[in-house]
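To start, the structure itself, in structure tokens.
The values are calculated or read from the model by the stated rules, or taken from the named source; none is laboratory data. Bear in mind that the values here come from a model prediction, so they are computed numbers and not experimental data. Positions of Cβ are generated from backbone atoms using ideal geometry, with glycine treated the same way; all protein chains shown enter the neighbour counts. Keep in mind that these areas ignore ligands, DNA and RNA; they rest on the heavy atoms of the full protein, side chains included. Shrake-Rupley method; radii C 1.70, N 1.55, O 1.52, S 1.80 Å.
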Amino acid sequence: MASLASRAIPLVRTQPSRISTRLLSTTRVARQEASPNLGTVPPAKKPVGAFRGGIVGFLFGFSLASSLAAYHLLEEYKLASAALQASVEELQTSTQKVSAHVRRIEAVEKDLKALSESSATKEDISRVRAEMKKLYDGLHVEFLDLRAHVWGIQEDVHALSKKNSTTVRLV
């Protein structure tokens with residue numbers, strides 16, 4: 001063991017011998033000059049404890065994460081708002097188109113109602129058809145009577161033309 005102790009590094013440090021060197025700040029000229037006033041030395045900062053540093057770090061991280069989440073939430077809100085606005089505008093244009101179609105349909109229905117009021121019914125058509133048939137039949141009878149009369153005149157003219165002695169004068 002003694003050999004181990006002799007080999008071990010001694011725990012006590014020995015002071016190095018002083019070397020006589022002269023530093024620049026200890027010279028006589030440097031001491032006589034007035035040192036400029038550089039201000040007061042700031043007090044040394046206290047080291048932040050582990051617990052206090054953990055709380056500050058947690059609060060900093062939480063505030064950073066919450067601000068980032070708020071930023072993303074605001075962006076999503078803007079996108080959703082823009083999409084909603086676009087759908088509202090699209091709904092408005094489609095509503096205007098539907099309103100225009102409804103007005104056209106109402107105008108067509110109004111015209112149809114006016115036409116149906118002024119048009120004839122089946123009974124009116126059958127009554128007019130019967131009158132036309134009677135009128136046609138009456139005209140046909142008169143035509144036949146006139147034809148018979150013309151035929152009779154034609155026979156008379158023919159009979160008179162066979163007679164040589166008779167002349168026909170038309171005035």
Virtual spin-label span in nm between VAL98 and ILE125, 7 Å along Cα→Cβ: 3.8
Roughly speaking, what % of Cα-Cα pairs in the stretch 44-142 are separated by over 21 Å, rounded to a whole number? 74
Counting only heavy atoms of protein chains, what accessible area per residue, in Å², does the stretch 68-171 have with a probe of 1.4 Å? 98
Segment LEU74-ALA114, extension gain: residue separation times 0.36 nm, minus the distance between their alpha carbons: 8.5 nm
Here FRET efficiency (C-beta to C-beta, PHE51 to ALA82, R₀ 41 Å, nearest 0.05) is 0.30
